[in-house]
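The values are calculated or read from the model by the stated rules, or taken from the named source; none is laboratory data. All figures in this text were calculated on a predicted structure; none of them were measured in a lab. Glycine also receives a Cβ, built like all others from the backbone with ideal geometry; neighbour counts cover every protein chain displayed. SASA here: full protein model, heavy atoms, side chains in, ligands and nucleic acids out. Shrake-Rupley method; radii C 1.70, N 1.55, O 1.52, S 1.80 Å.
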Number of protein chains: 2
Amino acid sequence: MKRKRREVKNGEKNTFTISELAKEFEISTRTIRYYEELGLLSPQRSAGNQRIFTRKDRARLKLILRGKRLGFSLSEIKEMIEMYDVAGESEQIKLTLKYGEKKLREIEEKIKELEMLKEDLLAIKEILIERLRELEGSNP
Amino acid sequence: MKRKRREVKNGEKNTFTISELAKEFEISTRTIRYYEELGLLSPQRSAGNQRIFTRKDRARLKLILRGKRLGFSLSEIKEMIEMYDVAGESEQIKLTLKYGEKKLREIEEKIKELEMLKEDLLAIKEILIERLRELEGSNP
DNA sequence: TAAAAAGATTACGTTTACGTTAACGTTATA
DNA sequence: TATAACGTTAACGTAAACGTAATCTTTTTA
């Protein structure tokens, strides 16, 4: 019988190994280690020096991968993630707010561009469907 | 007086040099040549072998750059662009349609993910504004 | 408890998307 | 018409984001 590796409270898994996350998100363990190398993740370590990922780490990884799919670089993603931990003086917070607003504008822009691209593809689709109708019509 | 290099009909420029496009889109000429190398662009050539870009080439370049900003790879962008020129048998057109629909779903997905990211950033923003209010309130 | 599986670190390799430089041909303009 | 400005190809270089392999340590499991 397969034994659960770590503590599980009422059916909710609370920690994960590197390969569990790798499998879940369909990425390599190397990729996860690389993200840690860049400071995007900071999992705790077990007594034997193995990485232990919490649910929070997992959520972060999810965010990282989302950022990637959306065309942000890992350093941009790092900056965005760091917004979660800003603490300290008012000046720092103001700067972070400015940055966040800039990113929000970028996101709006990307949404608009995606919608334009979508329109383009829909137009092509119509043309292709029409072309197909002609072909199939004359050659049933 | 600066003379226009090529024919201009009623104020509408119809052809462009590589550096004109590079300047307009704030990219390098190398980048444009690279896109041609990959088959994403196919400008005509002048008698002296210099590239001549039409408005159509320019529109393509715009599409390429949009794709890039949205996180598509150059080979994905190439596939999408090639949808414009599909001709021939019904089978080929059907395949292209399938591909187009896949891409459309991807685009929808990206839009959703951008909305989620946007929500995340808005939430962080609220937290930061609150934190700032506390700080400034106690230290006017 | 010993073998197998999983994890860690290190380091070199690879792909994508260009940057940079050289060496030479073409065009524009003073 | 000379010469600056621009364009061409070729080739080597580079940063980002991992892939891969080797070697060793830790965990799991038969």
May I ask you to say which residue of A:Lys112, A:Lys23, A:Lys118 is among the basic types (Lys, Arg) and farther than 30 Å from B:Leu97 by Cβ?
A:Lys23
Spot the failing condition for B:Glu126; the list is (1) free of Cβ contacts under 8 Å to residues at least 40 places away in the same chain; (2) more than 10 Å from chain A (Cβ to nearest Cβ); (3) within 30 Å of B:Ser19 (Cβ to Cβ), and only one is missed.
(3)
Residues of the range B:131-140 classified as open to solvent by 80 Å² or more (accessible area, probe 1.4 Å) and more than 9 Å from chain A (Cβ to nearest Cβ), total:
4
When only residues in the range B:61-93 that are away from DNA strand C (no atom under 13 Å from the Cβ) and in contact with a Leu (Cβ under 6 Å, 6 or more places away or on another chain) count, which is farthest from B:Glu20 (Cα to Cα)?
B:Ser90
So which residues in the range B:38-66 are within 9 Å of DNA strand D (Cβ to nearest atom) and either out of contact with any strand residue (DSSP E or B) (no Cβ under 6 Å at 6 or more places or on another chain) or not assigned by TED's automatic domain parsing to the domain that holds B:Phe16 (or both)?
B:Arg45, B:Gly48, B:Asn49, B:Gln50, B:Arg51
